[in-house]
Amino acid sequence: MDLLKDWFRRYLSDPQVVMLGLFLIIGFSIIVGMGKWLAPMFASIVIAYLLEALVNRLQRTGLPRLAAVLIVYILFMAVFLFLTLGLVPIVIRQLTALVQQFPNYISQGQELLKQLPQSYPHLISEHQIQLIISQIGQEMAGLGQQALTWSLASVASVIGLIVYLVLVPVLVFFLLKDKELMINWFSAYLPQERTLVNRVWTESEAQIANYVRGKVTEIFIVGSVTYITFIILGLQYSALLATVVGFSVLIPYVGAAVATLPIALIAFFQFGWGWEFGQVIIAYAIIQALDGNLLVPLLFSEVVNLHPVAIILAILVFGGLGGFWGIFFAIPLATLVKAVLNAWPRPEKKPNQATEPTQNEPPSEPV
């Protein structure tokens, strides 16, 4: 009990520490408990946060804030309508075509598996191939049931999509227009003495802003270059695969490897083993190499100083809690946790007491 009291006195006796802890607990509880309900608000906050940099640049040229907000908002709506009415329908059509073509791919794969015992009789037998084909059939039946369940629940998904399409643009406009008003209203309910909270925000805000804006730019550039490359190479489902590759950059070290599998499979079933298949794989490898060695250093000027194990752990934890948004904000949240740990007050170590002179060592003479 004394140890607990001593720990509490050392770490939680400061009112600012208690306030910071309450902020973290309340914020985490809102995100986990009400994340699905507040998803349009979270999406709008992220978009407004990204657009705020453009608004500030226009304001520095002498434009009033309202005029800068209107210009940036019109550009945002143009991109939003292009994605909603242009890219999304193409991706949906290609996804539908891929699902319809999927049984043919399974049949081709089964034929290839049946040829393996003839080519490699010492490594695999026909009985093993039959077991594999039977297992694939069972998995396909399960996927069919899941697809039926998803189609029955698609009505709710469409309603949720409509809510996003209507609410997000409206919320983005008011978040940009009334930013100062909202911040002042929220700050009025906070304690006047919040040095520790400000220190945490100052340390993490620069890296979070750099990461979020850089990551959105990286998704757009990698996805666009991949789409153009696959169109030139004549690969089917180019828009769908480019979308997968673009969003794969959200998961460091793993996303690129995961996106390689559908690209390789579709290229193989379309072209077979040959130079055209090799062109697709080589082009994809070049895009990934340029992304990792050229684009990322240019976009992320302020390096997020986190160990790779910490990054993967953050993606697993926050991705499991928040889905897509958890994955998107995994590294910023990990950066915030690191800033909190760095700013958290620690007990001062007592200085070592001066050692008394030994019998063989004469005392120092006064100067």
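The values are calculated or read from the model by the stated rules, or taken from the named source; none is laboratory data. Just so it is clear, the structure is predicted and the values come from calculations on it, not from any experiment. Backbone-built Cβ (ideal geometry, glycine too); neighbour counts: all protein chains shown. With ligands, DNA and RNA removed, areas are computed over all heavy atoms of the protein, side chains included. Shrake-Rupley method; radii C 1.70, N 1.55, O 1.52, S 1.80 Å.
The table that follows gives values for the structure above.
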item: Estimated inter-spin distance, residue 254 and residue 83, nm [label 7 Å along Cα→Cβ]; result: 2.4 nm
item: Calculated over the stretch 61-138: convex hull of Cα atoms, volume per residue (Å³); result: 174 Å³
item: Sites residue 26 and residue 179 - FRET efficiency at Förster radius 25 Å, r taken between beta-carbons, to 0.05; result: 0.70
item: Cα gyration tensor, the stretch 97-138 - rounded (a/c under 1.5), prolate or oblate; result: oblate
item: Surface per residue (accessible, 1.4 Å probe) for the stretch 51-102, Å²; result: 66 Å²
item: Accessible-area value, residue 271, 1.4 Å probe, nucleic acids and ligands omitted, Å²; result: 50 Å²
item: Global geometry of the stretch 208-315, whether rounded, prolate or oblate, following the gyration tensor of its Cα atoms and the 1.5 cut on a/c; result: prolate
item: Largest-first ordering by accessible area, 1.4 Å probe, given options 85, 167; result: 85, 167
item: Area of residue 126 that stays accessible when all protein chains are in place (1.4 Å probe, Å², to 10); result: 130 Å²
item: 284, 164, reordered so the largest accessible area comes first (probe 1.4 Å); result: 164, 284
